[in-house]
Each structure stands twice: as C-alpha cells, then as structure tokens.
Amino acid sequence: MEYHKKFLYLMDMANIKRSSKVLMDQFLFGLREELADKVQRYRYATMEDLVKLAIDYEQVQQMIDRHNKRIFSTPIFHSSSKPEMEELVEYAVEGDVSLEDSKV
C-alpha cells in the first residue's frame, strides 16, 4: 500500500511525534472513504493491525473489480456462434412465423 509508506515518510520528515491513536486516526482520515468505513468496522490495536486491515480490504476490492470487469466484458455470444441477423430473418420467413398467429 503506497499510501502507508508515504504517510509514514511524511510524518518522519515533518518530525511529527504523536500518540499511536492520533496517528491511526490521521491515517484513517487519508484513506478512501469506502475503505476507511470498512476498516473501522473491525478492532485494531496497533498501526500495523490497521495497515494490514486496509491492505486486505484493498486487495479484496481489487479482486472483486477484476472479476466484475471480466464478467461484464465477456460477450454473451462468441463471434463464431452468434447467429447473423440474415439467418434469423430467413428462418422466420421460411417458417412463416408471425406474431399475429401466436397466442400468448
């Protein structure tokens, strides 16, 4: 998690000395809101626990996003098996299919 490293680096460079509770609160404030909401549902005693929770949730969200992208980007028909419109029209004409004859 790049944010965690940058957070600690900047705190060190600014020579900011705070209690672990204040540091954890500041860290949470800098997380994306949805990630912070999920992490705050669980107990953590140390900064390491907090960072681990945030990393775990971030990885889970990335897996979900990749899965959803794969599902929604997969076409329903493969191009080789997709019937062409002309074939469907020919079938309807040959079979004399009309909506007026059908009973619903």
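Here are a few things to note about the model shown:
- Taking 0.36 nm per residue of separation and subtracting the Cα-Cα distance, full extension of the segment from Glu34 to Lys21 would add 2.6 nm.
- For segment 1-75: rounded, prolate or oblate by the Cα gyration tensor [a/c cutoff 1.5]: prolate
- Two-site label geometry, Ile71 and Tyr44: point separation in nm, points 7 Å out along Cα→Cβ: 2.8
- Whole-angstrom gap from segment 4-22 to segment 23-60, using each part's C-alpha centre: 15
Throughout, read-outs are computed from the coordinates displayed, never taken from laboratory work. If you're wondering where the values come from, they're calculated on a predicted model, not measured in any experiment. Every residue, glycine as well, gets a Cβ built from its backbone with ideal geometry; the counts of neighbours run over all protein chains shown.
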